[in-house]
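Undergrad: Mind having a look at this structure? Questions to follow.
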Protein chains: 2
Amino acid sequence: MSSITTPLLDDFHIHLRQGSLMGLVTPMVRSSGVGLALVMPNLRPPITTTAQAISYKKDLEKLAPGVQFLMTLYLTPELTVDEVKKAKEAGVVGVKSYPRGVTTNSDSGIESYETYYPVFKAMEECGLALNLHGEIPSDHARGVTILNAEERFLHHLVKLHDDFPRLRIVLEHATTEAAVECVKSLGPTVGCSITVHHLDLVVDDWAGQNHHFCKPVAKLPSDRDALRQVVKEGHPRFFMGTDSAPHPRHTKETAHAHAGVFVTPHTAEYLASVLDSFGALNQLSRFACENGRAFYGLTLERDVSATLTMKKHPRAVEEEFEFVDDDGVRRAVVPFWAGHTLAWQISE
Amino acid sequence: MSSITTPLLDDFHIHLRQGSLMGLVTPMVRSSGVGLALVMPNLRPPITTTAQAISYKKDLEKLAPGVQFLMTLYLTPELTVDEVKKAKEAGVVGVKSYPRGVTTNSDSGIESYETYYPVFKAMEECGLALNLHGEIPSDHARGVTILNAEERFLHHLVKLHDDFPRLRIVLEHATTEAAVECVKSLGPTVGCSITVHHLDLVVDDWAGQNHHFCKPVAKLPSDRDALRQVVKEGHPRFFMGTDSAPHPRHTKETAHAHAGVFVTPHTAEYLASVLDSFGALNQLSRFACENGRAFYGLTLERDVSATLTMKKHPRAVEEEFEFVDDDGVRRAVVPFWAGHTLAWQISE
């Protein structure tokens, strides 16, 4: 295969930031081959109300008119049943739960789920999804590290599904064989997003390489194999969510790097190149155009005139993308695979 | 205990570099409470001959007159039986083996041991130690990553000990429970160095934190527990080798960081603070003044007038140490725990 044509892709997990950085990355969504993006709410302050989500959506639409943005709220103790209903009516699709302190801007994250049961009940009834960052905080005395934080989280997923069988739950950015097996074992209301970079990286790749450092961290080759396998078999409840998370270079190439891999500049090209590397290019459309929509029950019309055509033709990834930050300082963001070669590229 | 007095410490694994960086770090050996240092040979070019080792030793002695330096050669296919004998006569104590490509300046590292058997035989006969960097190279198709590279190496250690039972072999900078158990199970000619930072760090600590990134990487809490336990029980074949490995800040806070933790500025203070954190301060002298000498069979006289006294009194670790590099550029090296607090300090 030397050319593929698909609908525009759906990215069911993306960080589009605020201010100047939002201005830089949001227009890249469409140019990278993505037509629909489910947007994470971990801004400062986090998006916790429908009003904020609508306002944020308008900002994004101005920057990327050709993209359909699906909005989420950040789960906090302040979220009420009424707000859940209001959010649903306004078109918000999900509520994102972050364990406290596990990733970027997660200081407002949750510590236990049971206090949220009335909210989850309302979400189940009105059809909002629960988007889970599936890691528990590290606890060295109990043997919990970033390597098993996802596996140790899975019992929460199982219990939530048990207690709310009709609630749509997404285990976001799964990185382990254990997570894949767990999601497969659960019912049709449990889905799972997988990033492009976790189909490519393993633990060795983020050791001393902060641009590959993200949360959850990439795990073992056997875990990557499981992620690849579930994509390869076209399992309908697994779909692309890139978790693209831009951080300026000076916050990555430093003593304490921020977590995140920046994929948005070339989402479709990375995906095609990575899928091709393990013989799964024929699953691109299912993984990135069909499964997510079906899982979320989206009935959005697709712009059939907008398709994506890619050709097998090598191109180098940019070393960085410059921008003027909110404080007036010129900064840059380094994309995934900076300076390396993409095997596939979008043909204009 | 609020004060301890011991002999000067022995550091059985240290990188002292070349040029300006050597000039910066070598004088710190003595001021950090260390009186004897076994020096690694991975310079550019590597120290492969007795003549080079003697010349390097003289350079070091000029910079740190109060320190006894023990020299090692870098194992390469060029090392001859004659050179082994010559090295022994000149006072060289060991030959260091690096698996190819695993760490800093290890491009000349070895790929299999059997071609070296005549050299090992000569080393066994004349009493040179074999110092092993105990990791196999990552091989993702076979499931080998930096996390299990040490455990997967151990069968080499067992076989070498089997084939050369009188050869003194040191498994350097052990990081895993598997390594501790393996060394304990072997005979009296197999020893093991443990770094100070591996008694403190786990995998979480080097994720996105390049100043904690070293090879072998710090592993799980259970592995750290095993290292702590073997020190705590005072096992005679385990001793301190800091593997202090300075790299200028710009080579750590970058996209591809060099591997190494810089411990030399405060070796004794770090060690006391770390041992105290898990109730093993009473083992400081055994771990860092006695076990290593006994294992290597050293009959060096100790300068009994030079002792080390430390008091429990908090002090902050410097943010960096500046120096003018060989290219004339002002650079800095960041020490372990920069900006954090040491519980113990040397009293003048």
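Undergrad: Where both partners of a DSSP beta bridge lie in the protein assembly as shown, what percent of those bridges are antiparallel, to the nearest 5?
TA: Numbers: 32 of 88 bridges.
Counting DSSP beta bridges with both partners in the protein assembly as shown, the antiparallel share is about 35 percent.
Undergrad: With +1 on each Lys and Arg Cβ and -1 on each Asp and Glu Cβ, how big is the dipole of the stretch B:194-348 about its Cα centre, in debye rounded to the nearest 20?
TA: Values: 16 positive and 21 negative charges, 95 e Å.
In debye, rounded to 20, the stretch B:194-348 gives about 460.
Undergrad: While we're on this one: At 222 nm, what helix-only mean residue ellipticity would the protein assembly as shown give, in deg cm²/dmol to the nearest 500, using -39500 (n - 2.57) for each DSSP H run of four or more?
TA: Working: 22 runs with 204 residues, N = 696.
The helix-only estimate for the protein assembly as shown comes to -8500 deg cm²/dmol at 222 nm.
Undergrad: Where does the charge balance sit around A:Leu300 when Lys and Arg score +1, Asp and Glu -1, over other residues with C-beta under 15 Å from its C-beta? Mind dumping the intermediate values first?
TA: Values: positive: A:Lys57, A:Arg293, A:Arg302; negative: A:Asp10, A:Asp11, A:Glu61, A:Glu290, A:Glu301, A:Asp303.
Once positives and negatives cancel, what remains is -3.
Undergrad: Going through the stretch B:248-340, which GluC sites (Glu not before Pro) have at most 13 other Cβ atoms within 10 Å and a DSSP loop state? Intermediate results must be reported in sequence, preceding the final value.
TA: Details: sites: B:Glu253, B:Glu269, B:Glu290, B:Glu301, B:Glu318, B:Glu319, B:Glu320, B:Glu322; in loops: B:Glu253, B:Glu301, B:Glu318, B:Glu319, B:Glu320.
Qualifying residues, ordered by number: B:Glu301, B:Glu319.
Undergrad: Sticking with this one: Contact order normalised by length for the stretch B:1-105, with contacts defined as Cα pairs under 8 Å and 6 or more residues apart; what percent is it? Present the calculation step by step, with values, prior to reporting the outcome.
TA: Numbers: 148 pairs, mean separation 27.4, N = 105.
That works out to 26 percent.
Undergrad: In square nanometres, what is the average projected area of the Cα convex hull of the stretch A:156-265? Spell out each step's value before the answer.
TA: Details: hull surface 29.6 nm².
The orientation-averaged projected area of the Cα hull of the stretch A:156-265 comes to 7.4 nm².
Undergrad: If you take each beta carbon of peptide B:133-144 and count the beta carbons of other chains within 10 angstrom, what is the mean?
TA: Numbers: counts 0, 0, 0, 0, 0, 6, 1, 9, 1, 1, 5, 3.
Neighbouring Cβ atoms belonging to other protein chains average 2 per residue here.
Undergrad: Now a separate question. Please compute the modelled spin-label separation between A:Val304 and A:Ser55, points set 7 Å along Cα→Cβ, answer in nm with one decimal.
TA: My value for the distance between the label points is 4.0 nm.
Undergrad: Subtract the Cα-Cα distance of B:Ser222 and B:His340 from 0.36 nm times their separation in residues, and report this length gain in nm to one decimal. Mind showing how you got there, number by number?
TA: Values: separation 118, 0.36 × 118 = 42.48 nm, distance 2.45 nm.
Stretched out fully, the B:Ser222 to B:His340 stretch lengthens by 40.0 nm.
Undergrad: Something else about it: If you put +1 on each Lys and Arg Cβ and -1 on each Asp and Glu Cβ, how big is the dipole of chain B around its Cα centre, in Debye rounded to 20? Intermediate values should be presented prior to the final figure.
TA: Numbers: 34 positive and 43 negative charges, 93 e Å.
I would put it at about 440 debye.
Undergrad: Could you tell me what % of all Cα pairs in the stretch A:193-244 have separations over 19 Å?
TA: When all Cα pairs of the stretch A:193-244 are counted, 24 percent exceed 19 Å.
Undergrad: May I pose another question? Anything over 18 Å Cα to Cα? Flag those among A:Lys85/A:Lys121; B:Lys215/B:Lys252; B:Lys62/B:Lys311, in the order listed. Mind showing how you got there, number by number?
TA: Values: A:Lys85/A:Lys121 11 Å; B:Lys215/B:Lys252 14 Å; B:Lys62/B:Lys311 30 Å.
Where the Cα-Cα span goes over 18 Å, the pairs concerned are B:Lys62/B:Lys311.
Undergrad: Compute the semi-axes of the equivalent ellipsoid of the stretch A:3-346, taking the square root of 5 times each eigenvalue of the Cα gyration tensor, and list them largest first in whole Å.
TA: Numbers: eigenvalues 147, 102, 97 Å².
That gives 27, 23, 22 Å for the three semi-axes.
Undergrad: I'd like the distance between the alpha-carbon centres of the stretch B:5-53 and the stretch B:245-266, rounded to an integer number of Å.
TA: About 16 Å separates the Cα centre of the stretch B:5-53 from the one of the stretch B:245-266.
Undergrad: Mind listing the phi-derived Karplus ³J(HN,Hα) values for the stretch A:82-88, rounded to whole Hz, using 6.51, -1.76 and 1.60 with θ = phi - 60°, and x for any glycine or proline?
TA: After applying 6.51 cos²θ - 1.76 cosθ + 1.60, I find 4, 5, 4, 5, 4, 4, 4 Hz.
Undergrad: Please report the relative contact order for the stretch B:199-324, taking Cα pairs under 8 Å with a sequence separation of at least 6, and give it as a percent rounded to a whole number.
TA: Numbers: 112 pairs, mean separation 30.9, N = 126.
Averaging sequence separation for qualifying contacts and normalising by length gives 25 percent for the stretch B:199-324.
Undergrad: Please work out the Cα convex hull volume for the protein assembly as shown and give it in Å³ per residue. Write out the running numbers ahead of the final one.
TA: Details: hull volume 117.3 nm³, N = 696.
Once divided by residue count, the hull of the protein assembly as shown is 168 Å³.
Undergrad: If you roll a 1.4 angstrom probe over the protein chains with everything in place, what fraction of the accessible area of the stretch B:3-346 belongs to carbon and sulfur, to the nearest %?
TA: About 50 percent, which is the carbon plus sulfur part of the accessible surface.
Undergrad: Tell me, what is the per residue accessible area of the stretch A:3-346 in Å², probe radius 1.4 Å?
TA: Details: 12450 Å² over 344 residues.
Value returned for the stretch A:3-346: 36 Å² of accessible area per residue.
Undergrad: Would you kindly state how much longer the chain becomes between A:Glu125 and A:Asp82 on full extension, computed as 0.36 nm times their sequence separation minus their alpha carbon distance, in nm to one decimal? Walk me through the intermediate numbers first.
TA: Numbers: separation 43, 0.36 × 43 = 15.48 nm, distance 1.23 nm.
Here the segment from A:Glu125 to A:Asp82 would lengthen by 14.3 nm.
Undergrad: Right, another one. For a quick check: with amide H placed at 1.01 Å from N, whose amide H comes under 5 Å from B:Gly191's, ignoring anything fewer than 5 positions away on the same chain?
TA: Under 5 Å from the amide H of B:Gly191 lie the amide H atoms of B:Ile169, B:Val170, B:Leu171, each far enough along the sequence or on another chain.
Undergrad: Could you tell me the center-to-center distance, by alpha carbons, between the stretch A:116-159 and the stretch B:85-99 in angstrom?
TA: 55
Undergrad: Calculate the mean, over all residues of peptide B:210-218, of how many other protein chain Cβ atoms lie within 10 angstrom of the residue's Cβ. Write down the numbers at each step before the final one.
TA: Details: counts 10, 3, 3, 5, 2, 2, 0, 4, 0.
If you average over the peptide's residues, the count of other-chain Cβ atoms is 3.
Undergrad: Relative contact order of the stretch A:3-346, please, whole-number percent, based on alpha carbon pairs below 8 angstrom and at least 6 residues apart. Provide the component values of the computation, followed by the final result.
TA: Values: 730 pairs, mean separation 66.3, N = 344.
Dividing the mean separation by the residue count of the stretch A:3-346 yields 19 percent.
Undergrad: With solvent modelled as a 1.4 Å probe, how much accessible area in total do chains B and A shield from it at their shared surface, in Å² to the nearest 100? Numbers along the way, then the final one.
TA: Numbers: alone 14010 and 13970 Å², together 25870 Å².
Protein heavy atoms only, the B-A interface buries about 2100 Å².
Undergrad: Order these peptides, A:235-242, A:44-51, by their mean beta-carbon neighbour count within 10 angstrom, highest first. Spell out each step's value before the answer.
TA: Details: A:235-242: 23.9, A:44-51: 17.0.
Taking the mean over residues of other Cβ atoms within 10 Å, the ranking is A:235-242, A:44-51.
Undergrad: Other chains' Cβ within 10 Å of B:197-206 residues: what's the mean?
TA: Numbers: counts 0, 0, 0, 0, 0, 6, 9, 8, 4, 4.
Mean partner-chain Cβ count within 10 Å for B:197-206: 3.
The values are calculated or read from the model by the stated rules, or taken from the named source; none is laboratory data. The shown structure was predicted, so the numbers you read here are calculated from the model rather than taken from an experiment. Glycine also receives a Cβ, built like all others from the backbone with ideal geometry; neighbour counts cover every protein chain displayed. Accessible surface areas use protein heavy atoms only, side chains included; no ligands, DNA or RNA. Shrake-Rupley method; radii C 1.70, N 1.55, O 1.52, S 1.80 Å.
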